[in-house]
Amino acid sequence: MSYLISELAELVGLSRTTLLYYEKQKLIASKRQANGYRIYSDKDLQILRLLKQLQAGGLTLKECQSCLEAKIDQVMLKNRLQQLDAQIVQKQKARELLEALTGLGSMRQWHILANQLAPDAHFDWLKQQGFDEKHAFYLKWLSKDMNEHDQYMADFMQVYHSLDRWGPGTKEDSLRALTLLPSMPKKVLDIGCGKGLSTTLLAEHTEANIIALDNEPTALKQLENRLIEQGFKDRVSTQCASMTELPYSPESFDLIWAEGSAYIMGVENALKQWKTLLQPQGCLVLSDLVWLTESPSQASVDFWQQEYPDMQTVAKRIEQMRLSGFEVLAHFTLSDQAWLDYYLPVNQRVNELKKTLPNSTALQDLAREVAFYKTHLGEFGYEMFVLKVC
Ligand SMILES: C[S@@+](CC[C@H](N)C(=O)[O-])C[C@H]1O[C@@H](n2cnc3c(N)ncnc32)[C@H](O)[C@@H]1O
């Protein structure tokens, strides 16, 4: 069989110019007819088909040529394979992202990564997607998936509604911080009070007027009932508001108390914003999750990178506190009991709910967290900081 250039071009789906270029590169060779037309053989057709196969493997024309001449460079081919594998991983990620953005798949990994790499932009983006600040925080810290958020929070709250403590802590640890204050406070703001275990403790052990603030109305309702029962209603009130926009004038308090809550808006932000509400020499007591070792295990690093990317060592937090204009009067690590008092009830509640919510991501996350605490506590812990405005 022989072919004119136009016939060959049609058979292999290439342009005439490409075929002439290939001929110049000596990949194919025509013969001239008496009328001057180029004529190609079946061999040329097959070479072109083989060439297209090799090009489909991502090889350049030169590389294809080497292969055709049986000079296959194995190292080059292996490099090409590696590049291709990397591209496949990249494309797979792109696919997952598109799937997630169209509501067809999980957005977890994307949210986790976005929160690590660009936390502020990620947070603003969540708000643009229609999440109010409270739910943007819940999404950032808890559900980590806007497609699953509502179900996740409903399941999560089924666990937390029945618990008194919403973070690690004990009466003894809180009282220890209170005794480290230079003087007894008179006007106290308890930020992120939850159900107010610390609030009622402060009410019992001081004569201060106290405002217990949280943005979760159900927790505040339970606290109010307890305040009435315990006879503190005359000097302790609740306020449903956000810790990021506190509705008080500057220098309103001589003590701000924040157990396990500053991380929500970021410790550095909290230090800066809350300081303005403190009177000169006013105090801030806050607890925060910190690294207790300089060389944590990879498992811990991976876990906290997802759960609390801004976790710092005690020394680093102290430096930030000083730079924010606070004197660090004292600090201590919360007892192991503080963790047990928190995670044992969480675990129990998760186990109770497992039967009715067998596929709940929230329950799976909580079970995973508890298991992680049990095995890795000590590499990290909660640190209580007692600070005074300089
Ligand atoms: C880890 S819990 C600590 C609760 C309590 N201090 C304790 O130790 O049990 C954090 C608390 O912060 C509250 N919270 C979350 N976001 C908030 C916000 N933007 N403003 C005020 N409180 C918030 C939650 O409702 C929750 O009660």
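A simple charge model with +1 on the Cβ of Lys and Arg, -1 on the Cβ of Asp and Glu and nothing else charged puts the dipole of the range 1-83 at about 180 debye relative to its Cα centre.
Structure note, pairs K140/K171; K93/K374; K127/K272; K195/K233; K144/K355: Cα-Cα distances above 26 angstrom occur for K140/K171; K93/K374.
The helix-only estimate of mean residue ellipticity at 222 nm for the chain, built from DSSP H runs of length n ≥ 4 each weighted as -39500 (n - 2.57), is -16000 deg cm²/dmol after division by the residue total.
Taking the C-alpha atoms only, the angle from helix 149-160 to the longest principal axis of the chain is near 30 degrees. With viscosity 0.692 mPa s and temperature 37 °C, the Kirkwood radius over alpha carbon pairs of the range 314-390 converts through Stokes-Einstein to a diffusion coefficient of 221 µm²/s. The rule of thumb for compact globular proteins, 2.2 N^0.38 Å, goes into the C-alpha radius of gyration of the range 2-72 1.09 times. Between the amide H of G381 and those of V290, L292, distances stay under 5 Å, these residues lying 5 or more places away or on another chain, with hydrogens modeled in the peptide plane. Over the chain, Cα pairs under 8 Å with separation of 6+ residues give a relative contact order of 14 percent.
How much accessible area per residue does the range 247-390 have, in Å², with a 1.4 Å probe? Solvent-accessible surface per residue comes out at 44 Å².
Using a cut-off of under 18 Å, list every residue of the range 336-367 whose amide N is near the label point 7 Å from the Cα of L377 along the Cα-to-beta-carbon line. Of the residues in the range 336-367, 336-351, 366-367 have backbone N under 18 Å from the label point off L377. For the range 39-52, backbone phi angles converted through the Karplus equation (6.51, -1.76, 1.60; θ = phi - 60°) give residue-by-residue couplings of 10, 10, 9, 4, 4, 4, 4, 5, 4, 5, 5, 5, 4, 5 Hz, Gly and Pro being listed as x.
For the pair L180 and D164, label points projected 7 Å from Cα toward Cβ lie 2.4 nm apart. Within the straight-line cut-off of under 14 Å between alpha carbons, the aspartates and glutamates reachable from K91 are E99, sequence neighbours fewer than 8 places apart in one chain being disregarded.
Taking the DSSP bridge list for the chain and keeping only pairs wholly inside it, about 50 percent are antiparallel. Using every pair of separate Cα atoms, the Kirkwood estimate puts the hydrodynamic radius of the chain at 25.7 angstrom.
Using a Cα-Cα cut-off of under 14 Å, which aspartates and glutamates could be cross-linked to K31, ignoring same-chain neighbours fewer than 8 residues away? Correct list for K31: E23, D42, D44. For W166, the amide hydrogen comes within under 5 Å of the amide hydrogens of K195, counting only partners 5 or more places away or on other chains and with H modelled in the peptide plane. Highest mean packing comes first when the peptides 193-203, 59-69 are listed by Cβ atoms within 10 Å, giving 193-203, 59-69. Annotation for the range 294-363: chymotrypsin sites (Phe, Trp or Tyr not before Pro) lying in DSSP loop with at most 15 further Cβ atoms inside 10 Å of their Cβ do not exist.
For I88 and K62, the difference between the fully extended length at 0.36 nm per residue and the C-alpha to C-alpha distance is 7.0 nm. Per-residue Karplus couplings for the range 375-390, computed as 6.51 cos²θ - 1.76 cosθ + 1.60 with θ equal to phi - 60°, are listed in order as 8, 10, 4, x, 6, 9, x, 9, 10, 9, 10, 10, 10, 10, 4, 6 Hz, Gly and Pro entered as x. A Cα-only calculation for the range 171-389 places Rg and Dmax at 17.8, 54 Å. Taking 24 Å as the straight-line reach from the Cα of K24, the lysines in range (excluding those fewer than 8 positions away in the same chain) are K43, K52, K62, K71.
Between amide H atoms placed 1.01 Å from N, distances below 5 Å from T313 occur with W291, all of them 5 or more places distant or on a separate chain.
Here the extension length gained between H205 and A154 equals 14.8 nm, from 0.36 nm per residue of separation less the Cα-Cα distance. Between E99 and L4, the contour length at 0.36 nm per residue exceeds the Cα-Cα span by 29.4 nm.
The values are calculated or read from the model by the stated rules, or taken from the named source; none is laboratory data. Quick caveat: nothing in here was measured; it's all calculated off a predicted structure. For neighbour counting, all protein chains shown are included, and Cβ atoms are generated from backbone atoms with ideal geometry for every residue, glycine included. Quick note on the areas: whole protein, heavy atoms, side chains included, nothing else; ligands and nucleic acids left out. Shrake-Rupley method; radii C 1.70, N 1.55, O 1.52, S 1.80 Å.
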